[in-house]
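Below: the structure, in structure tokens.
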Amino acid sequence: MQTHHGLTPRLKPLSARRSATMSVLDIGTSKVVCLIAELQPAEAMSTLRGRTHLARIIGIGHQRSLGLKGGAIVDLEAAEGAIRQAVHAAERMAKAEVQSVIVNISGGRIASQHFEARVNVRSGTVTGSDVERVLETASAHGVSPGRAVLHALPTGYALDGQGAVIDPSGMIGNALGVDLHVVTAEAAAARNLMLAVEHCHLGVDAVIATPYAAGLSALVDDEAELGCAVVDMGGGTTSVGVFMGGHLVHCDAVAVGGHHVTMDIARGLSTRVSVAERLKTLYGSAIATASDERDMIAVHGVGEDEGEAPGHVPRSQLVRIVKPRVEEVLELVRDRLRSAGFGAQAGRRVVLTGGASQLVGMPETARRILQGQVRIGRPLGIRGLPEAAKGPAFSASVGLLVYPQVAHAEHFEPRGQGAFAGTGTDGYFSRVGRWIRESF
């Protein structure tokens with residue numbers, strides 16, 4: 001029996017010849033980022049051939065995140081406050097009002113499912129309706145109850161058993177097959193995320209899986225074609241996306257991130273969380289060096305005032321706390337990739353993004369554990385980003401601006417638009433309209 005499953009809102013594809021102003025919201029466990037950008041049609045770029053537009057940032061606002069744990073909302077009011085402040089800062093800078101946003105989701109146990117389908121070609125030549133029929137047949141498979149569909153991406157077609165067909169339209173054959181990659185998240189997590197945004201009187205255009213957004217932003221076309229794993233290391237979650245043949249073929253996430261390293265430091269050195277975060281940023285490292293025993297760092301205890309003389313510990317003590325947690329996260333990623341059958345292919349090339357990937361020694365540790373070539377991924381092909389936002393921490397934010405350019409590749413049943421209606425996440429104005437109709 002097919003289960004009726006929630007579908008997040010769908011974004012209308014962006015015309016390759018038209019300019020547009022887009023607003024995006026990156027809601028993470030450690031920070032909330034709002035970007036407002038002008039997307040202008042661009043000439044084809046040699047390394048980013050898939051992109052039709054060049055994004056120029058006209059407004060940016062970022063704020064410390066509140067009310068989130070492990071990428072999921074745990075305090076709606078606190079999350080709303082952080083979102084409002086980030087959006088307000090971006091609006092002030094852009095001198096424009098944000099009506100609706102594209103948001104990302106890191107929590108909610110992001111997972112992948114693969115479906116196959118085959119239909120007979122009616123006229124001997126593949127038409128648009130044949131392609132539509134095979135996609136509908138593939139997407140008719142039931143997704144687990146309580147899961148919301150984020151993406152449904154055709155990863156390849158087959159014609160009479162001949163695989164790796166990119167676009168079968170106009171080709172001759174009798175049987176048309178498709179492989180459909182469906183990315184899902186827990187419906188409750190997606191619903192609460194949308195609810196927090198809509199409480200700020202903003203519409204939600206689409207909900208994107210964070211590793212997909214990070215890959216769209218940080219990968220060049222050849223990496224996505226040859227095979228690559230994007231590991232987005234955030235504050236509360238570490239999510240992974242595997243790209244192959246130019247498509248996203250696998251998504252996964254573990255609820256461990258940079259904030260867990262900070263908490264380990266706070267416990268291990270008996271200090272405040274804010275002090276632990278500063279120590280991690282200034283002195284933290286995932287690899288030990290010969291000078292660690294000699295380098296002393298000042299640590300204020302939990303109950304001590306700033307005016308009191310701090311205690312001193314060797315840097316090696318800090319490294320001994322940081323290193324095991326970082327190794328644990330990377331080992332979890334490695335094991336998840338192996339159990340999904342992508343260990344060998346994805347391990348050859350790994351791109352690290354997210355704020356936690358900036359820790360000293362992270363690429364070297366990842367090389368040792370994931371056994372492949374590792375680089376730090378930064379947002380590519382974007383203009384107007386301030387210097388502070390050009391690092392890996394903003395990869396997912398920028399990827400949300402790239403998404404409208406590739407949204408046309410996705411397939412969804414027509415009923416996708418209203419699937420979340422009546423769940424408490426329909427838009428503000430529709431709720432007001434419903435209240436007026438019911439009251440008078």
Quiz prompt | Meets criteria (out of contact with any Phe, Trp or Tyr (no Cβ under 8 Å at 6 or more places or on another chain), farther than 19 Å from residue 242 by Cβ, surrounded by fewer than 17 Cβ atoms within 10 Å (Cβ to Cβ) and not basic (Lys, Arg)) for residue 364 | solution = yes
Quiz item: Which pairs do you get when a residue that is among the polar types (S, T, N, Q), found in region 277-295, comes within reach of a residue that is exposed (fewer than 13 other Cβ atoms within 10 Å of the Cβ), reach meaning Cβ atoms under 6 angstrom, with the pair 6+ apart or on two chains?
Solution: none
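Select from region 245-265 the residues that are over 24 Å from the mean Cα position of the chain (by Cα) and open to solvent by less than 10 Å² (accessible area, probe 1.4 Å) and list them in ascending order.
Going through region 245-265, the residues over 24 Å from the mean Cα position of the chain (by Cα) turn out to be 264-265.
Matches in region 245-265: 265 only.
Could you identify the single residue in 242, 230 that is part of a strand (DSSP E or B), within 16 Å of the chain's Cα centre (by Cα), farther than 26 Å from residue 82 by Cβ and touching a residue at least 40 places away in the same chain (Cβ under 8 Å)?
Only one candidate qualifies: 242.
Take region 305-314 and flag every residue that is open to solvent by less than 50 Å² (accessible area, probe 1.4 Å) and either assigned to a loop (DSSP other than H, G, I, E, B) or at pLDDT 90 or above (or both). Walk me through how you get there before you give the answer.
Quick first cut of region 305-314, residues open to solvent by less than 50 Å² (accessible area, probe 1.4 Å) only: 310-311, 313-314.
If the condition is that a residue be open to solvent by less than 50 Å² (accessible area, probe 1.4 Å) and either assigned to a loop (DSSP other than H, G, I, E, B) or at pLDDT 90 or above (or both), then 310, 313, 314 are the ones that fit.
If only one of 311, 343, 301, 354 is out of contact with any Leu (no Cβ under 6 Å at 6 or more places or on another chain) and under 24 Å from residue 232 (Cβ atoms), which one is it? Quick ask: steps written out before the conclusion?
Numbers: 311 fails: under 24 Å from residue 232 (Cβ atoms); 343 fails: out of contact with any Leu (no Cβ under 6 Å at 6 or more places or on another chain); 301 fails: under 24 Å from residue 232 (Cβ atoms).
Testing whether each residue is out of contact with any Leu (no Cβ under 6 Å at 6 or more places or on another chain) and under 24 Å from residue 232 (Cβ atoms) leaves just 354.
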Quiz item: Restricting the search to region 360-372, which residues are touching a strand residue (DSSP E or B) at 6+ places or on another chain (Cβ under 8 Å) and either among the aromatic types (Phe, Trp, Tyr) or in a loop (DSSP other than H, G, I, E, B) (or both)?
Solution: 361, 372
Quiz item: Counting just the residues of region 69-88 that are in a loop (DSSP other than H, G, I, E, B) and touching a residue at least 24 places away in the same chain (Cβ under 8 Å), which one comes out surrounded by the fewest Cβ atoms within 10 Å (Cβ to Cβ)?
Solution: 70
Practice problem: Collect the residues in region 373-391 that are open to solvent by less than 20 Å² (accessible area, probe 1.4 Å) and part of a helix (DSSP H, G or I), keeping them in residue-number order. | Solution: 389
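May I ask you to say which residue of 318, 337, 330, 370 is farther than 22 Å from residue 47 by Cα, over 24 Å from the mean Cα position of the chain (by Cα) and buried (at least 21 other Cβ atoms within 10 Å of the Cβ)? Spell out how you get there, then give the answer.
Details: 337 fails: over 24 Å from the mean Cα position of the chain (by Cα); 330 fails: over 24 Å from the mean Cα position of the chain (by Cα); 370 fails: over 24 Å from the mean Cα position of the chain (by Cα).
Exactly one of 318, 337, 330, 370 is farther than 22 Å from residue 47 by Cα, over 24 Å from the mean Cα position of the chain (by Cα) and buried (at least 21 other Cβ atoms within 10 Å of the Cβ), namely 318.
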Quiz item: Limited to region 96-112, what total is found for residues that are surrounded by fewer than 16 Cβ atoms within 10 Å (Cβ to Cβ), in contact (Cβ under 8 Å) with a residue 24 or more places away in the chain and out of contact with any Leu (no Cβ under 9 Å at 6 or more places or on another chain)?
Solution: 1
Practice problem: Go through (1) open to solvent by less than 40 Å² (accessible area, probe 1.4 Å); (2) outside any loop (DSSP other than H, G, I, E, B) and name the single condition residue 235 misses. | Solution: (2)
Quiz item: How about region 159-179: which of its residues are surrounded by 12 or more Cβ atoms within 10 Å (Cβ to Cβ), closer than 22 Å to residue 406 by Cβ and among the aliphatic types (A, V, I, L, M)?
Solution: 165, 178
Practice problem: Considering only region 286-304, state which residues are assigned to a loop (DSSP other than H, G, I, E, B) and either modelled with pLDDT of 90 or more or in contact with a strand residue (DSSP E or B) (Cβ under 9 Å, 6 or more places away or on another chain) (or both). | Solution: 286, 287, 288, 289, 294, 295, 300, 302, 304
Quiz item: If residue 34 passes every condition in (1) assigned to a strand (DSSP E or B); (2) of a type in the set (A, V, I, L, M, F, W, C); (3) more than 19 Å from residue 214 (Cα to Cα) but one, which one does it miss?
Solution: (3)
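Count, please, the residues in region 89-148 that happen to be in a strand (DSSP E or B) and out of contact with any strand residue (DSSP E or B) (no Cβ under 9 Å at 6 or more places or on another chain).
Of the residues in region 89-148, the ones in a strand (DSSP E or B) are 100-105, 111-120, 125, 147-148.
If we keep only those that are out of contact with any strand residue (DSSP E or B) (no Cβ under 9 Å at 6 or more places or on another chain) too, we end up with none.
Total satisfying the criteria: 0.
Could you tell me how many of the residues in region 42-68 are of a type in the set (Val, Ile, Thr) and outside any loop (DSSP other than H, G, I, E, B)?
Applying the first criterion (of a type in the set (Val, Ile, Thr)) to region 42-68 yields 47, 52, 57-58, 60.
Applying the additional criterion that residues be outside any loop (DSSP other than H, G, I, E, B) yields 57-58, 60.
Here the count works out to 3.
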Self-check item: Filter result (in a helix (DSSP H, G or I), open to solvent by less than 10 Å² (accessible area, probe 1.4 Å) and within 14 Å of residue 406 (Cα to Cα)) within region 180-220
Solution: 213, 214, 215, 217
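I'm trying to understand the selection: among the residues of region 275-294, which are within 25 Å of residue 366 (Cα to Cα) and open to solvent by 40 Å² or more (accessible area, probe 1.4 Å)? Break it down into steps so the answer makes sense when it comes.
We begin by selecting, within region 275-294, every residue within 25 Å of residue 366 (Cα to Cα); these are 276-293.
Within region 275-294, 277, 278, 281, 282, 283, 287, 288, 289, 290, 293 qualify.
With 122, 133, 92 as the choices, which residue is of a type outside the set (Phe, Trp, Tyr), open to solvent by 30 Å² or more (accessible area, probe 1.4 Å) and at pLDDT 95 or above? If you could, list the steps in order and put the result at the bottom.
Working: 122 fails: at pLDDT 95 or above; 133 fails: at pLDDT 95 or above.
The unique qualifying residue is 92.
Against the condition in contact (Cβ under 8 Å) with a residue 12 or more places away in the chain and in contact with a helix residue (DSSP H, G or I) (Cβ under 7 Å, 6 or more places away or on another chain), how does residue 35 come out, does it pass?
Numbers: in contact (Cβ under 8 Å) with a residue 12 or more places away in the chain: yes; in contact with a helix residue (DSSP H, G or I) (Cβ under 7 Å, 6 or more places away or on another chain): yes.
So residue 35 passes the test.
The values are calculated or read from the model by the stated rules, or taken from the named source; none is laboratory data. Source: prediction; values computed, not measured. Glycine also receives a Cβ, built like all others from the backbone with ideal geometry; neighbour counts cover every protein chain displayed. These accessible areas exclude ligands, DNA and RNA; they are computed on the full protein's heavy atoms, side chains included. Shrake-Rupley method; radii C 1.70, N 1.55, O 1.52, S 1.80 Å.
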